[in-house]
1. Quick check, is GLU303 modelled with pLDDT of 95 or more and either surrounded by 16 or more Cβ atoms within 10 Å (Cβ to Cβ) or among the aromatic types (Phe, Trp, Tyr) (or both)?
2. For residues in the stretch 31-59 being of a type in the set (Val, Ile, Thr) and in a helix (DSSP H, G or I), which is farthest from ALA169 (Cα to Cα)?
3. Among the helices (runs of 4 or more DSSP H) lying completely within the stretch 60-169, list those that include at least 1 residues that are under 30 Å from SER204 (Cα atoms).
4. Report every pair of residues separated by at least 6 positions or lying on different chains whose Cβ atoms are under 6 Å apart, first residue within the stretch 244-267 and part of a loop (DSSP other than H, G, I, E, B), second surrounded by 10 or more Cβ atoms within 10 Å (Cβ to Cβ).
5. Kindly indicate whether any position in the stretch 252-268 is more than 21 Å from PRO157 (Cα to Cα), surrounded by 19 or more Cβ atoms within 10 Å (Cβ to Cβ) and of a type outside the set (Gly, Ala, Ser).
6. Can you tell me which residue is nearest to LEU184 (Cα to Cα) among those in the stretch 138-173 that are touching an Asp or Glu at 6+ places or on another chain (Cβ under 6 Å) and at pLDDT 95 or above?
7. Just name the residue that is surrounded by the most Cβ atoms within 10 Å (Cβ to Cβ) out of those in the stretch 55-64 that are out of contact with any helix residue (DSSP H, G or I) (no Cβ under 7 Å at 6 or more places or on another chain) and not basic (Lys, Arg).
8. How about the stretch 36-52: which of its residues are exposed (fewer than 13 other Cβ atoms within 10 Å of the Cβ) and of a type in the set (S, T, N, Q)?
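The values are calculated or read from the model by the stated rules, or taken from the named source; none is laboratory data. Here the structure is a predicted model, which means the values were calculated and not measured. We place every Cβ from the backbone using ideal geometry, glycine too, and count neighbours over all the protein chains shown.
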Amino acid sequence: MKRWIKPLVALLLVATLTVATVVIQVNRFMTTPLSIAEAGLDFEIPAGSSFLSVTRGLIAAGVIDGDRWFQLYVRWTKQASAIQAGEYLLETGATPMSLLQQFTSGAVRLYAFTIVEGWTHRDLLRALHAHEAIAAELTDEDWPALLDSLGADVTHPEGLFLPETYRFARNTSDAALLGQAYELMQDVLAAAWQTRSGSTVVDSAYEALVLASIVEKETAKADERSKIAGVFARRLQKRMRLQTDPTVIYGIGPGFNGNLTRKDLRTDTPYNTYTRHGLPPTPIAMPGRAAITAALNPADGTELYFVATGLGDGSHKFSETKAQHDAAVAEYLRRLRLQRHTGS
């Protein structure tokens, strides 16, 4: 038996050295930074892909020269079935090990979409469908069904989606992204409603959303939002009509040509706050967080009117009386005529 010991020891030594050499080679390969440009590289793993097709794709993209050690490591660690389909951004400095972690964790490339304060639901749907990474599924006729699926108590989509930047994977549907925006709006609105001031005049969170949408359309100046909300609150308390142009324009609809006329102000619609008392039946735009806060925390004061100053900074002149307001309107019109005359 002794004569077999030396060959056996030699065989075990060769096997041990071979395994050690392979382990070193695999470890070196898995931890060596790959050839990826600073801008990164888009890499897609289609659904149902095998790990072999993934590594061959990496070879074709010039990321790795060969996949022998990669394949061996994945077989050892039994991670082949954990690879997730999707679009990935491979970043400079990545190693095969970090790529494997990226592919098995599903850390796909994320895109951004921003809902802008003051957009209408039509603006929102158009922008969603213009985004190359969003899967367009909805049409204008699908809003009621979408709202029903979200558990909304209303059937009109205006104002229900929070202006914010959302991040998502490629081929996320417009409906899924709107679901996120709806839930976030519900959370923000509920929190704001709980901290409303005693001077608010709205009776529900939805009415706050309606008022906030008007504030949103009236001014983009942070220091004016609560002041404008205060004017509207006092007018509502005094049973005065709001007489705000953005609601009239919303009532005209997509056919509005940009020129608001006296006839428009006299033409009754559910949104014409020159012909009707109270708030319009729905929001007229997507209000942001600041507008919602302002609507529920209107500034104290005695002003009942405001008009644009025409100074080019989006500011308004606030007045307590109709006579003061008429003078402010005359000044605004004079300034407009002067600007047209001078071309400035």
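1. On the way: modelled with pLDDT of 95 or more: yes; either surrounded by 16 or more Cβ atoms within 10 Å (Cβ to Cβ) or among the aromatic types (Phe, Trp, Tyr) (or both): yes.
Yes: the conditions hold for GLU303.
2. So, considering only residues that are of a type in the set (Val, Ile, Thr) and in a helix (DSSP H, G or I), the one farthest from ALA169 (Cα to Cα) is THR31.
3. Numbers: elements: 68-77, 96-105, 121-130, 143-150.
Those helices (runs of 4 or more DSSP H) span 121-130, 143-150.
4. THR244/ILE214; THR244/THR273; PHE256/ILE249; LEU260/ASP245
5. Let us first name the residues in the stretch 252-268 that are more than 21 Å from PRO157 (Cα to Cα), namely 257-268.
Narrowing the set further to residues that are surrounded by 19 or more Cβ atoms within 10 Å (Cβ to Cβ) leaves none.
No, that holds for no residue.
6. It comes out as PRO163.
7. Within the stretch 55-64, the subset out of contact with any helix residue (DSSP H, G or I) (no Cβ under 7 Å at 6 or more places or on another chain) is 56-63.
Now drop any that are not not basic (Lys, Arg), which leaves 57-63.
Numbers: GLY57: 17, LEU58: 21, ILE59: 14, ALA60: 9, ALA61: 14, GLY62: 12, VAL63: 18.
The qualifying residue surrounded by the most Cβ atoms within 10 Å (Cβ to Cβ) is LEU58.
8. Kept after step one, since they are exposed (fewer than 13 other Cβ atoms within 10 Å of the Cβ), are these residues of the stretch 36-52: 37-39, 42, 46-48, 50.
Of everything in the stretch 36-52, just one residue is exposed (fewer than 13 other Cβ atoms within 10 Å of the Cβ) and of a type in the set (S, T, N, Q), namely SER50.
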